[in-house]
Amino acid sequence: MATNSFGRLFTVTTWGESHGPALGATIDGCPPNVELNASDLQYWLDRRKPGQNKYTTQRREADEVKILSGMFEGNTTGHPIQLMIENTDQRSKDYSEIMDKFRPGHADITYWQKYGIRDYRGGGRSSARETAARVAAGGVARKALESLAPDIKICAYMVQMGPHKINRTKIDLNEIEKNPFWTPDADAAILWAEYLDKLRKSGNSVGAVIEVIASGVPAGLGAPIYGKIDTDIATAMMSINAVKGVEIGAGFESAEFTGESNADEIGFSEGKPQYNSNHAGGVLGGISTGQDIVCRFAVKPTSSILKERDTITKSGNQTSIITKGRHDPCVGIRAVPVGEAMMACVILDHLMLHRGQIGENQGEIG
């Protein structure tokens, strides 16, 4: 069973391991004549790469992407695009002490139970290192969206670290690039820096919540019943390493609403429907409304920590473990560009599916 691919028309297959010679993505279905070069992808990879500050893993990777196929004279050909990122700073010896032990909270134990193979060098395919390939693929999707639907914009940011949430009255999107946490709340960034510094120095880790917004998405993307755009967005976000929860729009908060307060009332002006709120997160019945598509996902704390934990060995013996090496104290920080990449891939896939089946929207209003 092939489980390393996602998408239907714009299809992405990622490959490679955390401590292997390289990793990357094979993209099939990208439209032809999209202007593309490696620097277009490198911008997004540079936002995700490790070792940029003390709040992320100190593994030093350039994450330099190479485009090996699917291009001619600076444009996509419509044929498979092969992307490769070499690993240059592996330290497999850091993991030699735990080669027979399972890290609590990590996929070590389930990978062993399923496959009977234990790649202890950073976790192999279960490592968040795999997400570099997704970000590169998301860069291709963004360039295709620029060509097909230039009004679509995708932005993600951190809204919560541990118990500490942003103040939504202080959101300033211009702040996102000014702090190491990709948060739009400057005051939250100051608080989080002090909070995470203490956790990092104690050898601990913490979780986070990321919000991803796609604006300018036209109405009509997605389909009932099993082709819902929010289904595919949730699947894409849930597939990111360490993600344990996903919500669209008001999400779990909607359980607290009444029907009266939850309904996004509709008016009509400027030749199109206008909604007075967006509890639905830009999706109704699995089909985009034309409002912003809003998604949030929760990332658990990094499982590799310098705190002694009880575990077992492959032979079933009780033992304890401390995971040495270089790890993110809050993996949610580098999950921000990954969330953007997955949103871009899903939106492009649904845009292409919509155009293939429907062409232009069929139902006119007004």
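Observations on the model:
- Restricted to the stretch 273-366, the set of strands (runs of 3 or more DSSP E) holding at least 1 residues that are touching a helix residue (DSSP H, G or I) at 6+ places or on another chain (Cβ under 7 Å) and not hydrophobic (A, V, I, L, M, F, W, C) comprises 293-299.
- When we screen Ala208, Ala234 for residues that are among the aliphatic types (A, V, I, L, M) and over 14 Å from Ala335 (Cα atoms), the only hit is Ala234.
- When the stretch 62-93 is limited to residues that are at pLDDT below 95, out of contact with any Lys or Arg (no Cβ under 6 Å at 6 or more places or on another chain) and not in a strand (DSSP E or B), the one that is farthest from Lys198 (Cα to Cα) turns out to be Glu64.
- Of the residues making up the stretch 166-201, those that are within 18 Å of Lys300 (Cβ to Cβ) and surrounded by fewer than 22 Cβ atoms within 10 Å (Cβ to Cβ) are Tyr195, Leu199, Arg200.
- Looking only at the stretch 1-16, and only at residues there that are free of Cβ contacts under 8 Å to residues at least 12 places away in the same chain and hydroxyl-bearing (Ser, Thr, Tyr), the one that is most open to solvent (accessible area, probe 1.4 Å): Thr3
- Per the conditions (1) in a helix (DSSP H, G or I); (2) farther than 30 Å from Thr131 by Cβ, the sole criterion not satisfied by Asp264 is (1).
- Total residues in the stretch 118-165, condition buried (at least 24 other Cβ atoms within 10 Å of the Cβ), more than 17 Å from the chain's Cα centre (by Cα) and assigned to a strand (DSSP E or B): 0
- If you filter the stretch 270-303 down to residues that are hydroxyl-bearing (Ser, Thr, Tyr), at pLDDT 95 or above and surrounded by 17 or more Cβ atoms within 10 Å (Cβ to Cβ), you find that the one that is farthest from Leu351 (Cα to Cα) is Tyr275.
- Search result, residues across the stretch 304-339 that are open to solvent by 20 Å² or more (accessible area, probe 1.4 Å), touching a strand residue (DSSP E or B) at 6+ places or on another chain (Cβ under 9 Å) and within 24 Å of Val212 (Cα to Cα): Val331
- Among the residues of the stretch 189-245, those that are under 21 Å from Ser126 (Cβ atoms), under 12 Å from the mean Cα position of the chain (by Cα) and not small (Gly, Ala, Ser) comprise Ile210, Thr235, Met237, Met238, Ile240, Asn241, Val243.
- Once the stretch 241-269 is narrowed to residues that are small (Gly, Ala, Ser) and over 20 Å from Glu211 (Cα atoms), the residue that is least open to solvent (accessible area, probe 1.4 Å) is Gly267.
- Selected residue (criterion: nearest to Ala341 (Cα to Cα)) from residues of the stretch 17-33 that are out of contact with any helix residue (DSSP H, G or I) (no Cβ under 7 Å at 6 or more places or on another chain), open to solvent by less than 70 Å² (accessible area, probe 1.4 Å) and part of a strand (DSSP E or B): Thr26
- Being over 16 Å from Ala242 (Cβ atoms) and modelled with pLDDT under 95 holds for only one residue in Asp119, Asp151, and it is Asp119.
The values are calculated or read from the model by the stated rules, or taken from the named source; none is laboratory data. A quick note: this is a predicted structure, and the numbers were derived from the prediction, not measured. Cβ coordinates were reconstructed from backbone atoms using ideal geometry, including for glycine residues, and neighbour counts include every protein chain displayed. Please note that ligands, DNA and RNA were not included when accessible areas were found on the heavy atoms of the full protein model with its side chains. Shrake-Rupley method; radii C 1.70, N 1.55, O 1.52, S 1.80 Å.
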